[in-house]
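Throughout, read-outs are computed from the coordinates displayed, never taken from laboratory work. None of the values given here were measured: they were computed from a predicted structure. We place every Cβ from the backbone using ideal geometry, glycine too, and count neighbours over all the protein chains shown.
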Amino acid sequence: MLNVPDSPPASTDEPRFIDRTFGYATQVFAVVAVELQKLEHDPMELLSRAIQPALWLLLFGEVMAKVRGLSSGNLQYLDFLSAGILAQSVLFVAIFNGISTIWERDLGILHRYLASPAPRSALVIGKSLSGSVRALSQAVIVYALALIIGVDIRLDPLAVLGVVALITLGACLFSTVSLIIACLVKTRERFMGIGQVLTMPVFFASNAIYPLDLMPLWLRTISSLNPLTYEVDGLRALMLVGGQSVYGLTIDFAVLFGIFAVLIGVAAKMYSRMGF
């Protein structure tokens, strides 16, 4: 009679990996849920943030549309500008997202986060995703305004999903920058000052309101290092009928994701020390 060797025990690595991944995702979305509750209690925040993109599109865009040569390719200037204003709205919402972390530190809520067993990276990603929810609400407003003024918007599902993915990634990136700033400063007033100083150079040193080929070489070089440039570049290709990406969508997504991944590591280390 042959002795059949016992079969090796089934590996438990895969179930453990799934459990860890599910647990990590749960911790991330728990932070997102807390942040969304704050937004639910202050819906006027979204309406007030709609004023700025409306001014840019309805006033600046209508006036500058009469200047020839400002847009690239076959796009009308209002079409060209709409993608830049959408990216600008994402930037402005995300860059001030970190101020809530200073509030949490002052109220003692931050210590509860840090006392939890959740990985610091999960807390950082949760914070950044909450910024993307605010940014996506801005996208709805910009899309509505763009359609009203006659911008030729792509509404096919794949294009819209691409825009959502790009806005989410861009908002997460700039929300993480905001969190890093919040970890460095001690007061809300100083945070607001730094945020105001950062937004204008990042916005104007990008391709949001004028194409790259109109820039002097030094500004074009700075623009190529600016993550907002890649977000705008991708949005123009995905958002507009006839829009094209200068760098290519693969490059746009890869640059934004790579910078975001690095910032998560930096922010996770700094966030751990913020409460001390």
Residue list for segment 107-134, given a label point 7 angstrom along the Cα-to-Cβ vector of THR26 and an amide N cut-off under 11 Å
none
At 4 °C and 1.567 mPa s, what whole-number value in µm²/s does Stokes-Einstein give for the translational diffusion of the chain, with Rh from the Kirkwood sum over Cα pairs?
64 µm²/s
Inter-label distance, nm, simple model (7 Å from Cα along the C-beta direction), ARG220/VAL197:
3.0 nm
P(r) of segment 81-161 in 10 Å steps, Cα pairs, percent per bin?
15, 37, 24, 16, 7, 0
So what's the net charge close to ALA171: Lys and Arg +1, Asp and Glu -1, counting the other residues with Cβ under 10 Å from its Cβ?
0
What value, in deg cm²/dmol to 500, does the helix sum -39500 (n - 2.57) over DSSP H runs of n ≥ 4 give at 222 nm once divided by the residues of the chain?
-23500 deg cm²/dmol
Using the count of nearby Cβ atoms within 10 Å as a rough guide to exposure, how do PHE174, PHE253, PHE191 rank from fewest to most?
PHE253, PHE191, PHE174
Fluctuation leader among ARG20, ARG236, ARG105 - the chain, Gaussian network, Cα springs under 10 angstrom:
ARG20
Classified through the alpha carbon gyration tensor (a ≥ b ≥ c as square roots of its eigenvalues; rounded if a/c is under 1.5, else prolate when a/b is larger than b/c, else oblate), segment 161-226 comes out oblate
State which helices in the chain qualify, where a helix is a whole DSSP H run, it must extend 27 Å or more along its own axis by its Cα atoms, and its mean Kyte-Doolittle hydropathy must be at least 1.6.
157-184
Approximate spin-label separation ALA144-ILE109, in nm, with each point projected 7 Å along Cα-to-Cβ
2.7 nm
Quick check on packing: order 79-88, 164-173 by the mean number of other C-beta atoms within 10 Å, highest mean leading.
79-88, 164-173
